[in-house]
Amino acid sequence: MQLTDILANSKKTLFSIEILPPLKGKSIQSIFDSIDPLMEYKPAFVDVTYHREEYVYKKRDGGYLEKVSIRKRPGTVGICAAIMNKYPVEAVPHIICGGFTKEETENALIDLHFLGIDNVLALRGDSIKTEAAFIPEPGGHHYAHDLVRQIDEMNQGKYMDDEMKEVEPTSFCIGVAGYPEKHFEAPNMFSDIKWLKAKIDAGANYIVTQMFFDNSKYFEFVKLCRDNGITVPIIPGLKMFTTKKQLTILPKIFHIDIPQDLYEEVLKCKDDKQVKEVGVKWCIQQSKELLKENVPCLHYYTMGSSEATSKVAKEVF
Ligand code: FAD
């Protein structure tokens, strides 16, 4: 079922989660173990992130260094299919521009269509560590709005080979990313909103936001979107603090601010057990405030640990 239909048919704010594929070589059981305790809160959908290849240098005999490409967390599509097979829930694979030619993207989407997966989150992806800025694959997409357009065209029965006859259109509901605190590469908020609107104009049906710890950032972002003609549902993404290290890691990786009150609270904690308690409490407050504003769904970034999400969901849903 298309996610926008699920949202439209619900009278109350829905609950959803994002999970990461396990590290290569680990069992899919770890995924089921993290979803199982959350099923009682009836998630409307489960997002599964996509992780592209990274390059590492391995020391070989004779002392020379070999550049090796590795994917630490493969399996997004397989995990989505397994989730939909095991639970009554929609799985949403993330698909990215980075590392894909347009043809590879088309073939990946055909796989998803055959598997009965109706929802995708379309993203550009980040640059790989050895690149200063994002470089598309030759014959691949540079920006998420180009990827959205390709998916939307497949939904209209237009594949890359325009001589194909009697093709079956796909039926993807397309989500895209939005940044209440601005995407780090955007020169200003207005240009970021302009390109977000380009994703919607290309055919995207809903937005999921980057995590934020201050709800006013989300409310301002939604207002800015609405003022600029973006009318699709905007789903807030939330994350709980679980370790003290995240005080520096989260702003560095996700380019977000930590409110001073939360910063002080986490700083005071003696260990990560206490940090988790602070993180859960903060997230419950955030969730309850967002709930009062009738947001369409509360989307939680579990990042491999469902325990904290479970505690929040128990209080909120
Ligand atoms: P885009 O929408 O393409 O935007 C990228 C930047 O380019 C922005 O600054 C935008 O303003 C600008 N821009 C867009 N179009 C143009 C244009 N035509 N001309 C000039 N500037 C333009 N990454 C992963 O690798 N795997 C995941 O599973 C994943 N999941 C995510 C889930 C969510 C909810 C979010 C918020 C992010 C996720 N990411 C993931 C990270 C994401 O890939 C990065 O943030 C990436 O840097 C940008 O992706 P985007 O789709 O927002 O890019």
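The table that follows gives values for the structure above.
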item	result
Dipole axis of segment 3-316 (+1 Lys, Arg; -1 Asp, Glu on Cβ), positive-most option in M303, P236, Q150	M303
For the chain, radius of gyration divided by Kirkwood radius, i.e. Rg to Rh on alpha-carbons	0.96
Anchor K58: lysines whose Cα lies under 16 Å away (excluding residues fewer than 8 positions away in-chain)	K67, K72, K129
DSSP bridge orientation in segment 3-316 - percent antiparallel, rounded to nearest 5	15 percent
Proximal charge balance of V208 [Cβ under 11 Å; K/R count +1, D/E count -1]	-2
Dipole moment magnitude, nearest 20 debye, the chain about Cα centre, only Lys, Arg, Asp, Glu C-beta charged	1140 debye
Within-11-Å neighbourhood charge of A133 [Cβ basis; K, R +1; D, E -1]	-3
DSSP loop GluC sites (Glu not before Pro) with at most 16 other Cβ within 10 Å excluded, longest remaining stretch of the chain	186-292
Helical mean residue ellipticity (222 nm; -39500 (n - 2.57) per DSSP H run of 4+; nearest 500) of the chain	-12000 deg cm²/dmol
Distance from segment 7-44 to segment 206-234 (C-alpha centre basis), Å	23 Å
Most fluctuating residue given options I135, I95, I284, as computed from a GNM of the chain linking Cα atoms under 10 Å	I135
Alpha-carbon centroid distance for the pair segment 71-121 / segment 271-317, whole angstrom	27 Å
Pairs from K12/K314; K165/K199; K281/K311; K197/K217 whose Cα-Cα separation, in the structure shown, is over 20 Å	K165/K199
Separation in nanometres of the label points that stand 7 Å from Cα toward Cβ, at D257 and A8	3.7 nm
Cα-centre dipole for segment 5-122 with unit charges at Cβ (Lys and Arg positive, Asp and Glu negative), debye to 20	480 debye
Dipole of the chain [Lys/Arg +1, Asp/Glu -1 at C-beta], most positive-end residue of F134, V266, H183	V266
Relative contact order (percent, whole number), segment 3-316, Cα cutoff 8 Å, 6+ residue spacing	18 percent
Compactness of segment 223-317 as Cα Rg over 2.2 N^0.38 Å, two decimals	1.16
Kyte-Doolittle mean at least -1.0 and Cα axial length at least 24 Å: DSSP H helices in the chain	272-292
Relative frequency of Cα-Cα separations exceeding 19 Å in segment 210-260, percent	34 percent
Counted charge near G175, where neighbours are those whose Cβ lies closer than 14 Å (Asp, Glu -1; Lys, Arg +1)	-4
Long-range tail of P(r) for segment 153-252 (Cα pairs > 15 Å, %)	67 percent
Residue of F213, F15, F190 that the Gaussian network model of the chain assigns the largest fluctuation, springs spanning Cα pairs under 10 Å	F190
Computed Rg/Rh of segment 1-45, alpha carbon atoms with Kirkwood Rh	1.08
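Any read-out appearing in this document is the output of simple, stated calculations on the displayed coordinates, not a laboratory observation. Every value quoted in this text rests on a predicted model; they were computed, and no experiment measured them. Backbone-built Cβ (ideal geometry, glycine too); neighbour counts: all protein chains shown.
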